[in-house]
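Note sheet for the following structure.
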Amino acid sequence: MDKLKTRVLFVALIILALVSVSAVAAADVDDVVSAEQDDIDLSEETVSDVQSTEETEVLTEDEPAQNPDGSSYITVKFSYMTEDGPVEVVNQSLSKKVAANRNLTISYSNLLNNKPPVNRFKYNGLNYNFTQYWENSVTGEIFKQGRGCDQVFLPTGYNYTVVLTAQYETYVDTFVNISYIVKDSTGNEVNITESYNIPYPGSYYDVFVSKNNFTNLNKTYNGYNLDGFEYYLDHWEDGEGNFVNSTKSYNHGYTGENYTVTYKAIYKAKGKPSNITVKVVGLKDVNGNDVNSELTNKIDPGVTWIIRYAMFEDEIDRYNTYDANGIHYTFKHLLDPEGVPITDPESYERTLKPNGTDYTVVFTAVYDEEVIGNFTLIYTDKFGHGSGSWSSINNYGVDFTHTFRTPADIPSGAVFLYWEREDTKEKYYPNSSDQYQYTITYEEFAGKDVKVYVNAVYDLKTSIELEEITGYVGDVVDIVAKITENVNNTLVPTGGTATLTIDYSNKLSNGLLGASTYTQTVEVVDGQAVFKDVKLENPGTYAYKVEYSGYEYNQHSEGINDYLSSEAESKLNILPLNTTTTSEDVSGTVGDKKDITADIVDQNGDPVQNGTAVLKVNGKEYTAEVKDGKAVFKGVELTENTTATIEYLGNDYYNPSNTTIQITVTAPEEPEEPVDEPVDEPEEEPSTPAAEKAVPVTPAAGNPIALVVLALMTLVSTVSFGRKK
């Protein structure tokens, strides 16, 4: 026992030494940290010194000399143009030193005294006009020379120069021309012109034409002889044909363009006038009777009358066709008085002059002849309007006209588009007033029987027939859509596509949120769209949709253009899978804890992948998650013979199921009583093995805490050793 106390005391001393070592070690650490901190502070001082040595003074650029008192010497220059070129003058009376608290003012009188020597002049071939405006070189301001237009310049502390530049506009000369047109003794025109210059913009000129101007011209150009007629000057007319018999005055301003006033001397011939009659013969009314057109005019000697084709156009339009004896006549052209066809009516002119007697000029109308034929329009409408024909009378093969209308009885499910000719595929659309008039021309069939076939063309509406589908989640099914046209309810022909869409997030009943959208597109064959291998993904009731793209059928002989697109919806009922839960009976001893496993499969025999199962035994419940078809209940305590229930709770994908198992328990065997044997106390404990002796450790040998642990282990080992012995 004394040895044991000795050992305990020895261990205590070791612990006390280790604590001292820890304190010393901690002090050493603090010293090191302090030294490191001192190094950091020293480093910062060094950086600060370096920064201070790197700072240098930033020198600014040279600036112009500045007046210490803040004044400025302002030099004023005036720049302007002359007929010899640009001129720039310094005004010494205005150029002066301006104190810091004063200013320099250039007033209206300064501008007036320094304006250009002339306002208008020519330089390098251009006319210049001083506009009374100046440009300030300091502010860029354009200002007018006038009262109240003072320019103020403040001192800046620097000397500077102000240039006032005169502003000019350039222009060209404009003239007012007075033109007198007369005829000389041979009948040739003579133009006598007077010109008056309006020199610059803003100026005006009074153009005064006196009566003496006309009187003097009348004496010189009073008449002439031409083509056996003696002509005399009758009166004057202006450019608009107005009679002139008095003085004229024109106050005309500068426009930049020349302006001309024209006066024309009007001459007349002496002699007897002529009455001239112009006739168009050969015109016929709709009944074939003659209708002669006639124009008459009285023409003075020396005056001409120009006959133009336009004088007869109205009459020709009124009498351009007629029928007679099975022949259709259409106006062709006119023959002139010499019997030459007028083939260019737009430019045709004929000049007539009086000869002192009355006379007549005759033009003759000529017609084309065409044999009358028969024109028959035959139309078919397979979806409502029926079939029939429309025949013309007195058809000439050139202007058969028919009014196309919308069919009277369009069946439900059809959309009328237009009428279409079978031969040319030309389309006739009824207009907003439900009719469309169209002229069909058959020049090559003139005088023959002609038949034209037209068909009514429709777009047909369609419908989709779908069935409600019920299946289990995970099933793979085929979905069939039946597509018919809505007029005769027959299947649409092969063509076009159909698209199936199942949106699993658009639930009509319970289902999974956030599910994906399933789509499939197939060709439509014989009115059916078959969507194969559609996997039913999520339990619940959903609306599925089928969209038909439509089909460009383009069989107009059948009256069909397009089968129109359509869509339909139906229900998709996806049921959760039925499940089966099984487990084996359990047996053991009272107090045993057993792991009980349940096997859960779906209706297809596949392991259930998820969900929760509950074991109920003796009023106690155990819960287990289902993984890969198994639910394992850990550590179920066996207490007595009983029946246990295992229930799979199910979820959106699986229906619940349950089973029962039998638990059989037996009592445990009684243990034998132990026999106490005497234990001999050792007379003397052996010495501590060398491996268990404490080894002194210096502070530098390692972590103090580790040393404490080692000491305690040594103590425990020694004590244990003593007890065993």
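Quick look at the numbers
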{"quantity": "Scan of the range 275-310 for residues that are in contact with a Ser or Thr (Cβ under 6 Å, 6 or more places away or on another chain) and closer than 25 Å to Glu237 by Cβ, ordered by number", "calculated": "Ile299, Thr304, Ile306"}
{"quantity": "Positions within the range 535-554 being over 35 Å from the mean Cα position of the chain (by Cα) and either of a type in the set (D, E, K, R) or modelled with pLDDT of 95 or more (or both), in sequence order", "calculated": "Lys535, Glu537"}
{"quantity": "Top-ranked residue of the range 320-340 - restricted to ones that are modelled with pLDDT of 90 or more and more than 30 Å from Asp227 (Cβ to Cβ), ranked as surrounded by the fewest Cβ atoms within 10 Å (Cβ to Cβ)", "calculated": "Lys332"}
{"quantity": "Thr174, sole failed condition from (1) at pLDDT 90 or above; (2) in contact with an Asp or Glu (Cβ under 8 Å, 6 or more places away or on another chain)", "calculated": "(1)"}
{"quantity": "Criterion (over 60 Å from the mean Cα position of the chain (by Cα), open to solvent by less than 20 Å² (accessible area, probe 1.4 Å) and under 30 Å from Ile574 (Cα atoms)) met by exactly one of Ile663, Ile646", "calculated": "Ile646"}
{"quantity": "Number of the exception - Leu508 against (1) at positive phi; (2) surrounded by fewer than 16 Cβ atoms within 10 Å (Cβ to Cβ); (3) not hydroxyl-bearing (Ser, Thr, Tyr)", "calculated": "(1)"}
{"quantity": "Pairs, first among the β-branched types (Val, Ile, Thr) in the range 310-322, second open to solvent by less than 70 Å² (accessible area, probe 1.4 Å) and modelled with pLDDT under 90, C-beta under 6 Å, six or more apart", "calculated": "Thr321/Thr330"}
{"quantity": "Tally, over the range 81-126, of residues that are closer than 29 Å to Tyr171 by Cβ and open to solvent by less than 40 Å² (accessible area, probe 1.4 Å)", "calculated": "9"}
{"quantity": "Of residues in the range 104-129 being out of contact with any strand residue (DSSP E or B) (no Cβ under 9 Å at 6 or more places or on another chain) and outside any loop (DSSP other than H, G, I, E, B), the one nearest to Gly202 (Cα to Cα)", "calculated": "Leu112"}
{"quantity": "One residue from Leu508, Leu460, Leu564 being under 41 Å from the mean Cα position of the chain (by Cα) and within 30 Å of Pro576 (Cβ to Cβ)", "calculated": "Leu508"}
{"quantity": "1 or more residues open to solvent by 70 Å² or more (accessible area, probe 1.4 Å), of a type in the set (Ser, Thr, Tyr) and in contact with a strand residue (DSSP E or B) (Cβ under 8 Å, 6 or more places away or on another chain): qualifying strands (runs of 3 or more DSSP E) within the range 162-251", "calculated": "189-198, 204-209, 229-238"}
{"quantity": "Among the candidates Phe445, Phe375, residue that is open to solvent by less than 40 Å² (accessible area, probe 1.4 Å), more than 42 Å from the chain's Cα centre (by Cα) and at pLDDT below 80", "calculated": "Phe375"}
{"quantity": "Among residues of the range 79-103, those that are within 17 Å of Pro155 (Cα to Cα) and either assigned to a loop (DSSP other than H, G, I, E, B) or touching a residue at least 24 places away in the same chain (Cβ under 8 Å) (or both), counted", "calculated": "9"}
{"quantity": "Qualifying residue in the range 335-349 (condition: in a strand (DSSP E or B), touching an Asp or Glu at 6+ places or on another chain (Cβ under 9 Å) and not acidic (Asp, Glu))", "calculated": "no"}
{"quantity": "Pick from the range 583-603, criterion open to solvent by 50 Å² or more (accessible area, probe 1.4 Å) and in contact with a Leu (Cβ under 7 Å, 6 or more places away or on another chain), ranking: farthest from Ile661 (Cα to Cα)", "calculated": "Gln603"}
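Rundown of residues vs (1) farther than 30 Å from Leu352 by Cα; (2) of a type in the set (S, T, N, Q), yes/no style:
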residue	(1), (2)
Gly228	no, no
His235	no, no
Gly241	no, no
Thr247	yes, yes
Tyr250	yes, no
Gly253	yes, no
Tyr263	no, no
Tyr267	no, no
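Yes or no, residue by residue, for (1) at positive phi; (2) modelled with pLDDT of 85 or more:
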site: Gly256; (1), (2): yes, no
site: Lys268; (1), (2): no, yes
site: Thr277; (1), (2): no, yes
site: Asp290; (1), (2): no, yes
site: Lys298; (1), (2): no, yes
site: Val303; (1), (2): no, no
site: Arg318; (1), (2): no, yes
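The values are calculated or read from the model by the stated rules, or taken from the named source; none is laboratory data. Note that this is a predicted model, so its numbers are computed, not measured. Here the Cβ is made from the backbone with ideal geometry for all residues, glycine too, and neighbour counts use every protein chain on show. In case anyone asks, the SASA skips ligands and DNA or RNA and just uses the protein heavy atoms, side chains included. Shrake-Rupley method; radii C 1.70, N 1.55, O 1.52, S 1.80 Å.
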